[in-house]
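Below is one structure; the comments refer to it alone.
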Amino acid sequence: MSAHSSATSSPLKMYFGVFFALLVGTGLTVYAATLDLGRYNAVVALGIATIKATLVALFFMHVWHASEKLTKLVVVAALFFLLLLLGLTMSDYATRMWS
Amino acid sequence: MHDSSTTVVHDRNGEAHAAHNPALLHHFAEPQQQRDAASLGMWVFLATEVMFFGGLFCAYLVYRQWYFGDFAAASKSINMGLGATNTAVLICSSLTVVLAVWAAQTARRSLLIGSLALTMLLGLTFLGIKGIEYRDKFVEHHVPGASFSFENEPIPGHPGQYANARHAQMFFSLYFVMTGLHALHMIIGLGIFLWLLIMAWKGRFTPEWHTPVEIGGLYWHFVDIVWIYLFPLLYLIDRHP
């Protein structure tokens, strides 16, 4: 990590860019919540949250520049099992009143 | 082995090695491998944390979809302004954490100490605002238990309908468990950062070895990510007038 930061230019510009993007995302979430988008309110809120979380993981937690592929594998595996948990559970509970 | 002035050292078996960086533990080939091993270990821990919080998010999703109107009414009673402020406070703290890691990588001692101290200050601000929020909930009798009360609260978007207090209590139970567990992580994070601050003050971190700053930073960012999801899920279910 120090290899790339000393070889390339300072990452500060990227850090501040991500920081402002996160603040803008927070403002957008609050604004979108005041609009009546029906069922899409939740989609928009979770979409913005996922973009923010991805920015934090990729750039603040250095997943993007991780030199070790195993690190990326662990991140993907954690997300996979989380989606398995949420997806399979909701495929049951969210479809029970469909009869 | 401890004599760094020579260029060749001998290990226990008498085998010669090139003298190496004192910050490099002997079982690693190079500093990069040592750093990768540390952050990989931290990511495995964070994966277990994803599952830990994941169970709560799963419970939340099930009850939210069962009792959507009651959850929306209960969500509306939480102070959105305080929640949004806390989101911004945590984002600022994530910035100070990456600045601390960068300062450690580039041997900027005062920036490192300042960033760590500022991170702690922002963490304490978050907990203070959280405390104000909790106090409001106690005053309003929205804390699950014997004195819980949630009567005549309208369901957003359904004029004339009122929230079921038992279902709303479910929302507040999840609210307190999820934000409480998150706050516990913040308190642990403050402990970690206090220790980092003391180590930084003593000058223990160098560009070659600052692993605790890196993986402490990973932990702090993870706690930030949990909040990034908690904020819209708990505070913003149905806010339009």
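If you go through the stretch B:71-91 one residue at a time, do you hit one that is part of a helix (DSSP H, G or I), more than 7 Å from chain A (Cβ to nearest Cβ), touching a residue at least 60 places away in the same chain (Cβ under 8 Å) and out of contact with any helix residue (DSSP H, G or I) (no Cβ under 8 Å at 6 or more places or on another chain)? There is at least one residue in the stretch B:71-91 that is part of a helix (DSSP H, G or I), more than 7 Å from chain A (Cβ to nearest Cβ), touching a residue at least 60 places away in the same chain (Cβ under 8 Å) and out of contact with any helix residue (DSSP H, G or I) (no Cβ under 8 Å at 6 or more places or on another chain). On the stretch given as the stretch B:164-206, residues that are more than 22 Å from B:D224 (Cα to Cα) and among the polar types (S, T, N, Q) total 3. If the condition is being of a type outside the set (A, V, I, L, M, F, W, C) and either under 15 Å from B:L122 (Cα atoms) or surrounded by fewer than 20 Cβ atoms within 10 Å (Cβ to Cβ) (or both), then the stretch B:191-210 contributes B:G191, B:K202, B:G203, B:R204, B:T206, B:P207, B:E208.
To keep it simple, each residue is scored yes or no on (1) out of contact with any strand residue (DSSP E or B) (no Cβ under 8 Å at 6 or more places or on another chain); (2) more than 7 Å from chain B (Cβ to nearest Cβ); (3) surrounded by 14 or more Cβ atoms within 10 Å (Cβ to Cβ); (4) farther than 16 Å from B:Y235 by Cα.
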{"site": "A:F19", "(1), (2), (3), (4)": "yes, no, yes, yes"}
{"site": "A:T26", "(1), (2), (3), (4)": "yes, no, yes, no"}
{"site": "A:A42", "(1), (2), (3), (4)": "yes, yes, yes, no"}
{"site": "A:K52", "(1), (2), (3), (4)": "yes, no, yes, yes"}
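Selection of the stretch B:106-142 for residues being surrounded by fewer than 22 Cβ atoms within 10 Å (Cβ to Cβ), over 16 Å from the mean Cα position of the chain (by Cα) and within 14 Å of chain A (Cβ to nearest Cβ) yields B:T106, B:A107, B:R108, B:L111. Here B:F126, B:F45 are screened, and the one residue that is in a helix (DSSP H, G or I) and either touching a Cys at 6+ places or on another chain (Cβ under 6 Å) or more than 23 Å from A:F20 (Cα to Cα) (or both) is B:F45. Is it the case that some residue within the stretch B:159-181 is more than 30 Å from A:N41 (Cβ to Cβ) and either surrounded by fewer than 20 Cβ atoms within 10 Å (Cβ to Cβ) or in contact with a helix residue (DSSP H, G or I) (Cβ under 9 Å, 6 or more places away or on another chain) (or both)? Scanning the stretch B:159-181 turns up no residue that is more than 30 Å from A:N41 (Cβ to Cβ) and either surrounded by fewer than 20 Cβ atoms within 10 Å (Cβ to Cβ) or in contact with a helix residue (DSSP H, G or I) (Cβ under 9 Å, 6 or more places away or on another chain) (or both). B:F148 fulfils the conditions (1) surrounded by 14 or more Cβ atoms within 10 Å (Cβ to Cβ); (2) in contact with a Phe, Trp or Tyr (Cβ under 6 Å, 6 or more places away or on another chain); (3) not in a helix (DSSP H, G or I) except for a single criterion, (2). For the stretch A:78-87, the count of residues that are assigned to a helix (DSSP H, G or I), facing chain B (nearest Cβ under 9 Å) and within 12 Å of the chain's Cα centre (by Cα) is at least one.
Among the conditions (1) surrounded by fewer than 22 Cβ atoms within 10 Å (Cβ to Cβ); (2) farther than 16 Å from B:S94 by Cα; (3) away from chain A (no Cβ under 14 Å), the only one that B:I188 does not satisfy is (2).
Looking only at the stretch A:56-76, residues that are surrounded by fewer than 20 Cβ atoms within 10 Å (Cβ to Cβ), touching a Leu at 6+ places or on another chain (Cβ under 8 Å) and among the hydrophobic types (A, V, I, L, M, F, W, C) come to 2 in all.
Every number here is computed from the coordinates shown, using simple stated rules; none is lab data. Given the structure is predicted, the values throughout are model-derived calculations rather than measurements. Positions of Cβ are backbone-derived with ideal geometry, glycine not excepted, and every protein chain shown enters the neighbour counts.
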